[in-house]
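All remarks here apply to the structure that follows.
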Amino acid sequence: MKNSIFAFLILLAATLQAQGQTLSIKPAKIKRGDLVTITYEPGLPDSKISADAPSLTLVFTYSTFYDLPWKMPMKREGNVWVARFTAGRFATFATFYLQSGEQVQKPAADKQYTLPVYDGNDKRIKNSLLHESYSLSAQMPKSPDLQANKLSLLKQELIDNPDNYEAKVAQLVVKMAMATQSEDKLRFRQQAREIIAAKLEENPTLPGNVNLVTMGYLMIGEKTRLDSVRRVIMERFPEADLSKDLRANIIAKEKDPKIRVAKLEALLKKSDELGEEGSESIHKMLFEYYASTKNVAKSLYHASKLYAKSSPYTPETFKNISSKLTSSKIASEVAISYADKALSNAGEWPVGIIRYFPEFGYIPSYVPDSVRKQAVAEAKSALYSIKALNYLHLKNTDSAKMLADKAIKTSDGREALINSSSVFAALGENELAFKTLWTLLVKNPTDSVVLKDAKVYFLKHNGAENAFKAKVQELEQLEIAQLTAKTKTLMMNKPGPELTGLVTLEGKPVTPEMMSGKIVILDFWATWCVPCMQEMPYFHNVYQKYKNNPNVMFMVVNSGSNNSIEDARKWVKQNPQYQFPVYFNNDKNIGEKVGFTVIPTIAVIDQAGKLQFRTIGFEGEILQKKLDVEISILLNDKSMGK
C-alpha cells in the first residue's frame, strides 16, 4: 500500500506542476472569498486543445462550489482563455477538465485539475480532503489503487480534523472495500456502526444530527436500519418535535380521513410550539384536509402556521395556500391576500436546487439568468390567474377578466393558461378560452388534459366535430415536426462501438458484415429489469413498422447482466407476443463501449457505422415516436450510407 500511496503523491505533484504550465490557477492556495482565476494557454507542448478552438468550456466533475455552473464557458483574452469566479463561503474542493468539442485537456488520463480550498493557516479546510477522496471515483474509476488513494486522503483529513464524523465513516467504508477476509469486513462494519450509534446519542432529537446518522447508515449500505432509528427516537423521546414529525408521517398513511385527522389533532394538543418542524408538517396536512372539506375557520388557522419560519420557499408556500383555497372555492378574499404576499416576494422565487447546511444555512445552486427569469414570470402569471379565479368567485368579473388577460401576457406557463382559460369560459368567451389552451398544445401536443378542455371550448364556439378533428391532426403533424427538429440536434456522430461479443440465441456470432450498410437499433435489456419490460411494447410497435425494411436491423440484446443465454431463451418462449430478434451479449465491456451503465438502453447506429442516438432508461410512451423519428431521419438522410 505504501508504494501505491507514494505513486499517488508523485502523480499529485506532477498534476500540480502541470497546472502551472498550459493551465494556471491563482491564487495557488485558494481561500473562501478569494477571486479565483484559471488561465489556459493553448499552443504549448502539453496542450491538447488547438489554438484556433472557437470556444472552451471548464467542466466540473466534482464540486462543492455550489453557486457555479457545472459547465462554465471560458473567455478569450488575447492568446489565452480565462475563467474567473469567487470561492463561496461553503467551498471545499472541486475537480475539472477543459473541453472544446471533442478535444479534452486533463493533466493525465486518470487525473483532473483540482481546486482544493485552504484555511487562513494554509491548511486544507475541513472536509476538503474528504471531498477529494470522493472525487477519485470519477477521476480514476478503474485504477487498482483507487481505494488506497482514497484511504490516504481520509487519513490526512482525520489527522487535521479528528472529529470529522463523515470522514470516520468514509474511512471504514474504504477499509471494508479493501478487506479480503469476511471477518475483517465485519470488524470494520461493526466499528462504523459504533461511530454512527455514538453520533445518534450526541443529539437524538435534532433533525440535522439525525440526518447525519441516516447518511452514515446509507454509506455502509444499511438502509434497513433507518426505520429502527426512527422507532427508537419515537419510543425514547415521544414528546420531541422530531418524534411528532415521524408520527405524523405514519398517521398520514391512515386511509380513513376522519381517523387520520383525529390522530393529527391529538398529536398537536400535546405541544404546538410555533415554527417547529414537526408541528408544521401536521398543520400542512390539516390545512389541506379542512380546505378540501370547506371548513374555512380551521383551514385558515392551520394555514397561518405554515410560514412561521422564513425560508427561500416562503413565497411558494403563500402560493400553495392560495391555490388550495382557490381550488376548494373557499375564503376567496383570503386566497387573494396570500397570492398578493407571494407576488410581493416573487423576485425571490425558489429556483433550482437549494441546499441546506446547519453551518452555512441555505445555499442556492447556480441557475442561468434566463431560467430564473422564466420561473419568476411563470410564478407571477400563475398568481395573477389564481387571483382572477377568486375574483370570479366573488362575482367581480371585470377584475377577473383583467387579471386573466394579465396572466397570459406575463408568461405562457401551463398553470396560468389553464386557470385563465377557465375564467374566459366562465365569462362566455369560449373562443378565447380555446385559443389560450391552443398555445399550450402547440408547445406540447400530447397534453391530454389540456386537449380535453380545449375540445369542450372549441365545440361551444364552433360546434363542428370534424373541424376539431382537423385541429387534432394538425397537432399530430406539429408534434412529429417538433420532435424531428429536436432529434436532429441530438445526433452524436460518434464512431460506432465494437460489437464483437454478440451472438444469436443459437450461439452464432454476429459479424460486422451482417450490420454493414444498415441502420442498427440495439436495445440492451435483462429479464429481471422491470423498466425493460415496460419498454418492450413500444419498442415492438416500432419493430413492426420497419421489420420488412432491408435497410433496418433490430437487435434486442440481453445484456448478460445476471442473466445467461438460457435465461434469454426461456424469456423468448414465455413472451411469444414479441417477434423481434433477440440476441445475447458476451462482452463484459459492452456498457463502456456503447456508453451506458443502466438498462434499458437503446443505441441507434447509422448506415455508415456511426453511433447517432442513445436513449438511457425508460421514457414512457414517447419512446415509440422518438425511435420512429430517429429511424426516419437516418433513412431520409442519403449521406448516411456514404
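Here Lys593, Lys626, Lys588, Lys610 are screened, and the one residue that is surrounded by 15 or more Cβ atoms within 10 Å (Cβ to Cβ), among the charged types (D, E, K, R) and within 17 Å of Val510 (Cα to Cα) is Lys593.
Taking residues in segment 593-621 that are on the phi > 0 side of the Ramachandran plot, and partners anywhere that are open to solvent by less than 10 Å² (accessible area, probe 1.4 Å) and in a loop (DSSP other than H, G, I, E, B), the pairs with Cβ atoms closer than 8 Å and at least 6 places apart or on different chains are Gly617/Pro600.
Of all residues in segment 133-165, those that are assigned to a helix (DSSP H, G or I) and open to solvent by 40 Å² or more (accessible area, probe 1.4 Å) total 7.
Note on segment 411-455: residues that are in contact with a helix residue (DSSP H, G or I) (Cβ under 8 Å, 6 or more places away or on another chain), over 27 Å from Leu483 (Cα atoms) and either of a type in the set (Lys, Arg) or open to solvent by 40 Å² or more (accessible area, probe 1.4 Å) (or both) amount to 5. For segment 616-631: of the residues being at pLDDT 95 or above and of a type outside the set (D, E, K, R), which is farthest from Pro497 (Cα to Cα)? It comes out as Val629.
Applying the set (1) open to solvent by 50 Å² or more (accessible area, probe 1.4 Å); (2) part of a helix (DSSP H, G or I) to Gln99 leaves exactly one unmet item: (2). Considering (1) open to solvent by 20 Å² or more (accessible area, probe 1.4 Å); (2) at pLDDT 95 or above; (3) in contact with a Phe, Trp or Tyr (Cβ under 8 Å, 6 or more places away or on another chain); (4) farther than 19 Å from Ile599 by Cβ, the lone condition that Val552 does not fulfil carries the number (1). Enumerate the pairs (first residue in segment 79-106 and in contact (Cβ under 8 Å) with a residue 24 or more places away in the chain; second residue anywhere and of a type in the set (D, E, K, R) and open to solvent by less than 20 Å² (accessible area, probe 1.4 Å)) with beta-carbon separation below 9 Å, excluding pairs fewer than 6 apart on the same chain, so at least 6 apart or on different chains. From segment 79-106, the pairs are Thr92/Glu132; Phe93/Glu132; Thr95/Lys111; Thr95/Glu132. Residues that are under 19 Å from Ser311 (Cβ atoms) and loosely packed, with under 13 Cβ neighbours inside 10 Å were ranked within segment 353-378; the one that is nearest to the chain's Cα centre (by Cα) is Ile353.
When Lys395, Lys380 are checked against the criterion of being without any contact (Cβ under 8 Å) to a residue 12 or more places away in the chain and either basic (Lys, Arg) or within 30 Å of Tyr66 (Cα to Cα) (or both), Lys395 stands alone in meeting it. Only one of the listed residues (Val104, Val80) is hydrophobic (A, V, I, L, M, F, W, C), open to solvent by 40 Å² or more (accessible area, probe 1.4 Å) and farther than 25 Å from Ile354 by Cα. That residue is Val104. Report whether or not Val520 is within 20 Å of Asn636 (Cα to Cα) and open to solvent by less than 20 Å² (accessible area, probe 1.4 Å). Taking the combined requirement at face value, the residue satisfies it. Do we have Met536 as part of a strand (DSSP E or B), out of contact with any helix residue (DSSP H, G or I) (no Cβ under 8 Å at 6 or more places or on another chain) and open to solvent by less than 10 Å² (accessible area, probe 1.4 Å) here? No, not satisfied. Restricting to segment 46-97, name every residue that is within 22 Å of Lys111 (Cβ to Cβ) and among the charged types (D, E, K, R). Passing the criteria: Asp46, Lys48, Lys71.
Filtered by the rule that a residue be assigned to a loop (DSSP other than H, G, I, E, B), open to solvent by less than 60 Å² (accessible area, probe 1.4 Å) and under 24 Å from Lys269 (Cβ atoms), segment 308-348 gives a lone residue, Ala308. Among the candidates Lys406, Lys443, which residue alone is over 19 Å from Ser327 (Cα atoms) and either modelled with pLDDT under 95 or under 31 Å from the mean Cα position of the chain (by Cα) (or both)? One residue alone meets the criteria, Lys443. In segment 213-259, the qualifying residues are those that are among the hydroxyl-bearing types (Ser, Thr, Tyr) and assigned to a helix (DSSP H, G or I), and the one that is surrounded by the fewest Cβ atoms within 10 Å (Cβ to Cβ) is Ser228.
The values are calculated or read from the model by the stated rules, or taken from the named source; none is laboratory data. What you see is a predicted model; the values in this text were computed from it and never measured. When we count neighbours, we look across all protein chains shown, and the Cβ atoms used for this are built from the backbone with ideal geometry, even at glycine. Calculation scope for accessible area: heavy atoms of the full protein, side chains included, ligands and nucleic acids excluded. Shrake-Rupley method; radii C 1.70, N 1.55, O 1.52, S 1.80 Å.
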